[in-house]
Structures are given as C-alpha cells and as structure tokens.
Amino acid sequence: MIRIEDTLVSLDLVESYFRCDLTQCKGACCIEGDAGAPLEQKEFDLIRKLLPLIWDDLSPAAQTVINHQGVGYIDRDGEIVTSIVDGKDCVFTCYDSSGVCSCAIEKAYRAGLTDFIKPVSCHLYPVRITQCRDYKAVNYSRWNICRAAETAGRLSGTPLYRFLREPLVRKFGEEWYGAIDACARDYLKIKY
C-alpha cells in the first residue's frame with residue numbers, strides 16, 4: 001500500500017497494466033454489474049439538470065426508467081447509484097452502429113454541451129474508492145470484462161495509475177497524482 005494524504009492506494013495501481021480496448025469489451029462496464037454506478041450527491045443533482053441535453057440520446061427504455069424512478073436510486077449499501085434498465089444497462093448508455101456502448105453524458109461533454117464529463121466513479125473505473133473510518137481505500141477492482149484492457153496495457157507498457165491520470169487528478173488533485181507517480185517510480189526501481 002502507498003499512503004498519500006488521507007488515502008491508502010493499492011500497489012495494484014502501480015503493478016498492473018491497463019488500457020481500455022472498447023473494440024474488445026464493447027463498453028461492458030456500463031452494462032454489467034448488480035447496480036448502477038456510484039454517484040456523489042453533487043453529481044446526482046447536476047445530472048438531473050443535464051437531462052434535457054442528453055434525453056434524445058437515451059433509449060426509450062431508459063427514458064421510461066428515468067420517468068418512473070429518476071436518474072438514480074439508493075442501492076442496498078445506502079449509496080446513490082445511477083438507475084439501470086432491466087437490471088443491466090446504466091440509463092445513460094447509448095450504442096454506436098458497431099454495438100459499442102458509450103455514455104450519453106460523456107457524448108454531450110465531447111460535443112461541448114457541458115463541462116461535466118461523467119460521474120467520477122465511471123471516469124475512475126476500474127478503480128474503486130471506499131471510504132473507511134480514517135482514510136479512503138483506492139483499489140483496482142479486477143473483473144473478467146477488462147482482460148483485453150490488461151493485455152493492451154501490458155503491450156503498451158501503461159501502468160493502471162498512468163492510464164487513469166486524468167480522473168485521478170480530477171478526484172484527488174495534481175499534487176496527489178505527483179506523489180503517487182513519484183512513489184511508483186521509486187517502488188518499481190526497487191522491485192525490478
């Protein structure tokens with residue numbers, strides 16, 4: 001573990017390689033799972049305001065779920081998560097002609113319609129943050145759907161924490177990221 005400020009970071013972020021390969025997984029992280037993506041309260045409120053910008057990109061089934069349940073709900077752990085369609089797709093998924101799933105919120109961001117890229121939990125995936133009593137645990141959540149990303153990361157030599165530079169900086173700040181980068185470089189020198 002690497003301790004940075006009030007976080008404990010798993011060495012998996014340094015030792016594991018990762019680079020998303022949507023041609024292989026088709027965006028399965030937005031589809032698979034037993035609940036929606038975790039949302040911070042401010043994200044929940046913001047997404048509700050952004051809804052008119054992305055409404056036409058959502059499937060009719062997602063629109064129905066949102067009309068009945070809203071953009072999110074409280075899961076069994078008592079956390080706000082995105083609503084899902086038929087126990088599967090996040091309501092914000094949209095598909096391209098080749099069947100690759102993407103995020104309607106991120107699509108609006110890329111089109112310059114909002115400065116909100118997507119929920120930070122989605123941006124950080126496959127890293128998950130767990131609030132413990134005195135610290136935040138920052139862990140790599142390994143899942144079979146990301147095997148192609150692990151292979152692509154090994155081939156490109158991209159450590160997980162470097163692949164996730166942008167969302168890690170978004171969540172913890174530039175100084176925090178500089179600290180994990182320095183620790184990782186020192187650790188890898190010693191290890192190898």
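Of the residues 161, 187, which is open to solvent by 50 Å² or more (accessible area, probe 1.4 Å), touching a residue at least 24 places away in the same chain (Cβ under 8 Å), more than 30 Å from residue 57 (Cβ to Cβ) and part of a helix (DSSP H, G or I)? Break it down into steps so the answer makes sense when it comes.
Working: 161 fails: open to solvent by 50 Å² or more (accessible area, probe 1.4 Å).
Answer to the check: 187.
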Take the residues in region 53-76 that are part of a loop (DSSP other than H, G, I, E, B) and in contact (Cβ under 8 Å) with a residue 40 or more places away in the chain; name whichever of them is most open to solvent (accessible area, probe 1.4 Å). 76
Test: residue in region 76-94 that is within 16 Å of residue 25 (Cα to Cα), polar (S, T, N, Q) and either at pLDDT 95 or above or over 15 Å from the mean Cα position of the chain (by Cα) (or both): no
Answer residue from region 22-52, given it is in contact (Cβ under 8 Å) with a residue 40 or more places away in the chain and of a type in the set (S, T, N, Q) and is nearest to residue 151 (Cα to Cα) among those: 24
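Could you please find all residues in region 96-107 being out of contact with any Lys or Arg (no Cβ under 7 Å at 6 or more places or on another chain) and closer than 22 Å to residue 80 by Cα? Spell out how you get there, then give the answer.
Start the filter on region 96-107 by keeping residues that are out of contact with any Lys or Arg (no Cβ under 7 Å at 6 or more places or on another chain), which leaves 96-98, 102, 104, 107.
Within region 96-107, 102, 104 qualify.
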Pull up region 104-145, narrow it to residues that are of a type in the set (S, T, N, Q) and assigned to a loop (DSSP other than H, G, I, E, B), then point me to the one that is farthest from residue 43 (Cα to Cα). 141
Tell me, yes or no, whether region 15-25 has at least one residue that is of a type in the set (S, T, N, Q), more than 18 Å from residue 118 (Cβ to Cβ) and over 20 Å from the mean Cα position of the chain (by Cα). no
Regarding residue 48, is this residue open to solvent by 50 Å² or more (accessible area, probe 1.4 Å), of a type in the set (Lys, Arg) and in contact with a strand residue (DSSP E or B) (Cβ under 9 Å, 6 or more places away or on another chain)? yes
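Conditions (1) in contact with a helix residue (DSSP H, G or I) (Cβ under 8 Å, 6 or more places away or on another chain); (2) surrounded by fewer than 18 Cβ atoms within 10 Å (Cβ to Cβ); (3) among the hydroxyl-bearing types (Ser, Thr, Tyr), marked per residue:
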position	(1), (2), (3)
105	yes, no, no
110	no, yes, no
113	yes, yes, no
125	yes, no, yes
130	no, yes, yes
137	no, yes, no
140	yes, no, yes
Members of region 164-180 found to be surrounded by 15 or more Cβ atoms within 10 Å (Cβ to Cβ) and more than 16 Å from the chain's Cα centre (by Cα), listed by number: 176, 177, 179, 180
Look through region 86-98, keep the residues that are crowded, with 20+ Cβ neighbours inside 10 Å and not charged (D, E, K, R), and return whichever of them is nearest to residue 116 (Cα to Cα). 92
Could you run through region 17-45 and say how many residues are open to solvent by less than 90 Å² (accessible area, probe 1.4 Å) and assigned to a helix (DSSP H, G or I)? 8
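The values are calculated or read from the model by the stated rules, or taken from the named source; none is laboratory data. A quick note: this is a predicted structure, and the numbers were derived from the prediction, not measured. Using ideal geometry, Cβ is built from the backbone for each residue, glycine included, and neighbour counts are taken over all protein chains shown. Ligands, DNA and RNA are stripped out before the accessible areas are found, and what is left, the full protein with its side chains, is counted by its heavy atoms. Shrake-Rupley method; radii C 1.70, N 1.55, O 1.52, S 1.80 Å.
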